[in-house]
Amino acid sequence: MSRLRSAVQKGKRAALESTEVIKSSNKKKSKPGIKEEEPSETEPSSYHFFHDPNEISLFRSQLLQWYDQNKRELPWRTLAVTESDVNIRTYGVWVSEIMLQQTQVATVIDYYNRWMKRWPTVEKLAAATLEEVNQMWAGLGYYSRGRRLHEGAQKVVSELNKQMPKTTAGLLKQLPGVGRYTAGAISSIALGQVTGAVDGNVIRVLSRIRAIGADSTSPAVADALWKVADALVDPERPGDFNQAMMELGARVCTPKSPLCSQCPVQTHCHAFRKVSIKQETDSKRLLSKLASKLNTSVPDIENCLGAGSCGLCLSEEWDPQLGVQNYPRKPVKKAPRVEQTLTCIVERQRAGKEMEYLLTQRPSKGLLAGMWELPSMLLEADISVNKYKGLICDMMQKLLEKSLDANSVQFVGEVVHIFSHIHQTYIVFSVHVSDWSEREQEQKTCWLTKSALREAAVSTGVKKIMKLYESSSKVDKKEKKRKASPEKRSNKIKKSKDAATNEGPKQLCISKFFSTAKTTAKNC
């Protein structure tokens, strides 16, 4: 009997356990259904996008109306409108977009006009030498941009039958140095293709309009910005629309002190509305003695419902001092690499000739590729100051096959030059040589006069070094004049006047120094 009772009890327990398992499994099955209704933690909220077709249409018309009334007349914009040849039009817009990368419009205008006058077609540019391109680019900075334009032109001529790519994908794939933005800008402006174009100015505009405060360099945020840009672009006037967005960011929705009162799309801006409502509620708190009875909360429409889990929202607290400048928050910049470079100004003077300076050509790849510079070497961290002169003597031995006395090497000073990712300090010495080797060297060298050096395609760092050297030379001359007797001083003045009346030999154009590879490799 006890066995029977025990078996019945076991059966009841088993039935109860199976019922609980079924209930548990049903609960588990129901959870995925609930999860599907909830937004994913990584999925951006709809708050940051445009959904209403009427709002998109209104945004386009307001922006383009403002652009038509306020746009700047720029040479590449004129060319895009007036040039009927699609190949020249695409080439001209391509040149402008590469020049405008990290460079202000006002600086680019003169360079663009000179460039297009000298090389009005892609074929003309392809026929130029890299030295000529670098010379034309001198002073514009980021010299790799000019080199890529030149490489791209040669590719168009040799591989694409002299025809510029006709699609966004073609521009992106076939032209060196052309990324997603540049391809979108060229194809929309020159070819009328309906595609967005997201540069730094557009990132700022869209970040404020849709309250996107996360790091704009992250892939998720970049994709979201492109999604918004592609949804907004006007299919009837894609080029004008993209230029209008850039113009708005450059002139109204600026990084600092934005002119919100002049913004044509102010009513669509989440950041502006958030600032306005916060100012209004703050005013009510200050003016009312019954602040506790006021409803001072910001309406839901001004906040992302997924805040806290949305990957596009501000990761930091709202700063009331910044206002709309809370968007976009700048990512933390990586500290530039610190480098020291030992540089020597080597000068020579032949009988009856102007003083000349030695230049060497940099490698064809890397920083300042193919540029001409003063003889230099990158210093290692563990090299002591006492070894500097010895290193210069070794460097001159390789370049000129000439032994130098370390005492003839004079310290000039230091020059600091900041590249985008390098904090460079040039430690500058000078030396005068009376004889030198004229044989071909492994590294290309060239002697240039002071006047030719001023016109040559050299970097800003080299120009700074020469400026320091000239100023230090003037100081030395003044010191010598102070020590000289009045009689000697009068003789020097007389000699200088006589020299001024006798014109020296006429200087050759700088292009003569780079006329052929043979003369470049040898003494210029």
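The values are calculated or read from the model by the stated rules, or taken from the named source; none is laboratory data. Nothing here was measured: the structure is a model prediction, and the numbers come from that model. Don't worry about glycine lacking a Cβ; one is built from the backbone with ideal geometry, like all the others, and counts go over all protein chains shown.
Has segment 253-260 got at least one residue that is at pLDDT 95 or above and part of a helix (DSSP H, G or I)?
Yes, segment 253-260 contains a residue that is at pLDDT 95 or above and part of a helix (DSSP H, G or I).
Considering each of Arg148, Arg180 in turn, give the residue that is among the charged types (D, E, K, R) and touching a Pro at 6+ places or on another chain (Cβ under 7 Å).
Testing whether each residue is among the charged types (D, E, K, R) and touching a Pro at 6+ places or on another chain (Cβ under 7 Å) leaves just Arg148.
Condition check: among the β-branched types (Val, Ile, Thr), crowded, with 16+ Cβ neighbours inside 10 Å and at pLDDT below 95. Does Ile203 satisfy that?
Criteria not met by Ile203.
Kindly indicate whether Thr42 is under 29 Å from Ile209 (Cα atoms), in the same structural domain as Tyr142 (by TED's automatic domain parsing) and at pLDDT below 95.
No, not satisfied.
Out of Arg72, Arg60, Arg77, Arg89, report the one residue that is assigned to a loop (DSSP other than H, G, I, E, B), among the basic types (Lys, Arg) and either surrounded by 21 or more Cβ atoms within 10 Å (Cβ to Cβ) or modelled with pLDDT of 95 or more (or both).
Arg72
Answer yes or no as to whether Gly177 is touching a Lys or Arg at 6+ places or on another chain (Cβ under 8 Å), surrounded by fewer than 19 Cβ atoms within 10 Å (Cβ to Cβ) and at pLDDT below 95.
In short, yes.
I need every pair where a residue in segment 368-386 that is in the same structural domain as Val458 (by TED's automatic domain parsing) has its Cβ under 6 Å from the Cβ of a residue that is in a loop (DSSP other than H, G, I, E, B) and surrounded by fewer than 10 Cβ atoms within 10 Å (Cβ to Cβ), sequence separation at least 6 or different chains.
Gly370/Ser364
Exactly one of (1) over 21 Å from the mean Cα position of the chain (by Cα); (2) in the same structural domain as Leu64 (by TED's automatic domain parsing); (3) without any contact (Cβ under 8 Å) to a residue 40 or more places away in the chain is unmet by Pro264. Its number?
(3)
Quick one: in segment 206-218, which of the residues that are among the small types (Gly, Ala, Ser) and either touching a His at 6+ places or on another chain (Cβ under 6 Å) or at pLDDT 95 or above (or both) is farthest from Cys313 (Cα to Cα)?
Ser207
Quick one: in segment 45-99, of everything that is over 25 Å from Asp223 (Cα atoms) and of a type in the set (Asp, Glu), which residue is farthest from the chain's Cα centre (by Cα)?
Once the filter is applied, the top-ranked residue is Asp85.
Provide a single number: the residues in segment 432-445 that are over 31 Å from the mean Cα position of the chain (by Cα) and either of a type in the set (Ser, Thr, Tyr) or modelled with pLDDT of 85 or more (or both).
Total meeting the criteria: 4.
Within segment 188-199, does at least one residue satisfy the condition of being at pLDDT below 95, part of a loop (DSSP other than H, G, I, E, B) and in the same structural domain as Val81 (by TED's automatic domain parsing)?
The answer is no, given that none of the residues of segment 188-199 is at pLDDT below 95, part of a loop (DSSP other than H, G, I, E, B) and in the same structural domain as Val81 (by TED's automatic domain parsing).
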